[in-house]
Amino acid sequence: MFRFFENLVDPYASYTQTDTPPRKLWPFLAEYLRPFRIVFLATCLASVANAVGDVVLIWYVGHIVDYLAIGTPVQVWAAHGLEISLVGLAVLLIRPLIGGAGVALLHNTILVNFATMMRWRAHAHVLRQPVGWFESDFAGRIANRIMQAPTAAGDAVFQTFDAMAFASVMLIGSAFMLASADIRLLLPLVIWLIAYLLLMRWTLRRAGPASQAASNARSAVTGRVVDAYTNIHSVKLSAHHDRELDYAKETIEGSRQAIANEMRIITKMDVVLTFINGLLIVSIIGWALGLWYQGMASVGTVAAASALVLRLNNMTYWIMWSTSNLVQSLGVVQEGMETITHPITLVDAPKARDLDFRDGLIEIDHVSHHYGRGSGGLDRVSLTIRPGEKIGLVGRSGAGKSTLVKLMLRFYDAEQGQIRIDGQDITQVTQESLRRQIGMVQQDSSLLHRSVRDNIKYGRPEASDAQMTLAAKRAEAHDFILALQDPQGRTGYDAHVGERGVKLSGGQRQRVTLARVILKDAPILILDEATSALDSEAEAAIQAALFNVMTGKTVVAIAHRMSTIAAMDCIVVLEDGQVAEQGTHAELLTLGGLYARFWARQSGGFIGLEEAAE
């Protein structure tokens, strides 16, 4: 039975992705509500049926009281026994069926699948964001919004059906029942309803912004805390325990103040609600007693009116809390929308095709990119890298080396100029097909918090274990991998490496990354300080493996170590975002320019890149 309700909606069903999701709340939610339309209708009908059943049951209890008041037990049973038995049977059988269907639709269909679908689609959207978008925010805050917003949206849907639909029918049914006893009993109910709606309006107008502020504050706390945990080595190394506590305390206190403001609103609402509910109880029960005293109402009417008003009293707290929770949930959704609905700014061209890779000719044609700042980055760089050619990029920090690599990978789109591979503008081919042809080893070799096997096979998931092991051996990683064991007892290639690979040394992480690139076997290879984290002995072994891997590939290497740079077919010296020099190692030494000065100032095998310009 549970599986039937859980499978009524497929949260992973295909859908039309958009680069610009709606930025307003209701159009945004409408996209997610559409697959649930039939389920919502059925849930609404079940909620209405449950509410009608409750009102009818209270009304019928009043009739039973009247039966008991005008006859002996034998007479009452003789006249109404069958009727009472049938009502009891309906309460035992029909009511649970209707109620169970409504609860199953709400809990097992909507709550299980709605947040799941929203989280799945939100994650899919965020993954499509360019690298620069992630560099501008805390990973913890992004993840927090992806987790919180769908849950809050699911809660909002739950509150709508569990409270709003039920309460609306309950209120209408109560009005009809009171009116059937005496039309004048409607007057205190109407006056109370006006006061209740005014109170609800006052609460919602304040609770919404307060909830969004509290949600923002919680996300800020998460961002700072996760930032500290992610960089725990820097925190410990710098002995900044107290500084990090103070840094976190600032946002934690901001969160406390935001929550306190939100709770003040709730407390004021609760006190006023208790007062107006007291007026409702006294006025309706008092009026019903007055009508009974005058002979204008039966004992059953007084009993039913009393039961009904007490039911309304209890329900109003539930409804007010549900409404407040609804608004709070919508506030969390709105805060999450700042991330979930952010437009995708770097997209494939409308008719983009897969890159038709043939030889590996790379042409960089008058490329400029300043990250929107007007300075820094690259300025009108032109460069041709022939198929199979190996070039080294040299320059001081900030000269534009990493920017050039990021543009080649299309992590950003160049502000001016064009980059072509085998004559194809990389902005006119699909991003995935472009990056499938490029392997890269970075200076900061961050790994996924998964097994070593998963990390290496990330380069080519369909590869066999034998191919994976061969790649690890070529990267000088196989031996240390076999000796690994994680806290859960997994060993070797099954051992997990921790977040960002923190359970491995820097050299071990880099060798696992090298193994991944070797397994990928892409025709274009980018090395960004690929051996910087290795000791001299390991570097010599890795260099030999790298040169084997470079065979037949187009290679771009950013490096400071002379052993890497000097062996390149061509060396390009970048200075202030422009190509200052270009040639072989011998030619640039003969030239006597920047490269020659870097070479002359080398220390311990590194070029003196931090020297001041002369």
Review point. Which condition number does Tyr32 fail, the rest of (1) buried (at least 17 other Cβ atoms within 10 Å of the Cβ); (2) free of Cβ contacts under 8 Å to residues at least 12 places away in the same chain; (3) hydroxyl-bearing (Ser, Thr, Tyr) being met?
Key: (2)
Check your understanding: Considering Ser255, Ser298, which residue is in contact with a helix residue (DSSP H, G or I) (Cβ under 8 Å, 6 or more places away or on another chain), under 30 Å from Ile64 (Cβ atoms), touching a residue at least 24 places away in the same chain (Cβ under 8 Å) and of a type in the set (Ser, Thr, Tyr)?
Key -> Ser298
Study note, to complete from the structure: Within the stretch 210-242, residues being over 14 Å from Ser255 (Cα atoms), part of a helix (DSSP H, G or I), open to solvent by 30 Å² or more (accessible area, probe 1.4 Å) and not polar (S, T, N, Q) number 9
Review point. Which one is farthest from Ala349 (Cα to Cα) among residues in the stretch 1-17 that are of a type outside the set (A, V, I, L, M, F, W, C) and open to solvent by 100 Å² or more (accessible area, probe 1.4 Å)?
Key: Arg3
Exercise for review: Could you check how many residues of the stretch 124-144 are assigned to a helix (DSSP H, G or I) and open to solvent by less than 20 Å² (accessible area, probe 1.4 Å)?
Suggested key: 5
**Study point:** Options Leu198, Leu186, Leu178; residue that is without any contact (Cβ under 8 Å) to a residue 12 or more places away in the chain, under 30 Å from Ile284 (Cα atoms) and open to solvent by less than 50 Å² (accessible area, probe 1.4 Å)
**Key:** Leu186
Review point. Of the residues that make up the stretch 36-55, is at least one out of contact with any His (no Cβ under 7 Å at 6 or more places or on another chain) and not in a helix (DSSP H, G or I)?
Key: no
Check your understanding: Here are some residues: Thr20, Thr43. Which one is surrounded by 12 or more Cβ atoms within 10 Å (Cβ to Cβ), touching a residue at least 40 places away in the same chain (Cβ under 8 Å) and polar (S, T, N, Q)?
Key -> Thr43
Point to revise | Residue list for the stretch 468-516, filter: at pLDDT 90 or above, surrounded by 21 or more Cβ atoms within 10 Å (Cβ to Cβ) and more than 13 Å from Arg450 (Cβ to Cβ) | key: Met468, Ala471, Ala472, Ile481, Ala515
Review point. Do any residues in the stretch 66-90 that are on the phi > 0 side of the Ramachandran plot have Cβ atoms under 9 Å from those of residues that are open to solvent by 70 Å² or more (accessible area, probe 1.4 Å) and modelled with pLDDT of 85 or more, where the two are at least six apart or on different chains, and which pairs are they?
Key: none
Review point. Restricting to the stretch 438-467, what's the tally of residues that are closer than 13 Å to Leu504 by Cβ and surrounded by 20 or more Cβ atoms within 10 Å (Cβ to Cβ)?
Key: 5
Check your understanding: In the stretch 279-288, is there at least one residue being of a type outside the set (S, T, N, Q) and within 20 Å of Asn325 (Cα to Cα)?
Key -> no
Check your understanding: Applying the selection to the stretch 398-433, what residues are over 34 Å from the mean Cα position of the chain (by Cα) and over 21 Å from Leu346 (Cβ atoms)?
Key -> Ala399, Asp422, Gly423
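The values are calculated or read from the model by the stated rules, or taken from the named source; none is laboratory data. Keep in mind that what you see is a predicted model, and the values were worked out from it rather than measured. Virtual Cβ from ideal backbone geometry, glycine too; neighbours counted across all protein chains shown. When the accessible area is computed, the model is the full protein with side chains, heavy atoms only, and any ligands, DNA or RNA have been set aside. Shrake-Rupley method; radii C 1.70, N 1.55, O 1.52, S 1.80 Å.
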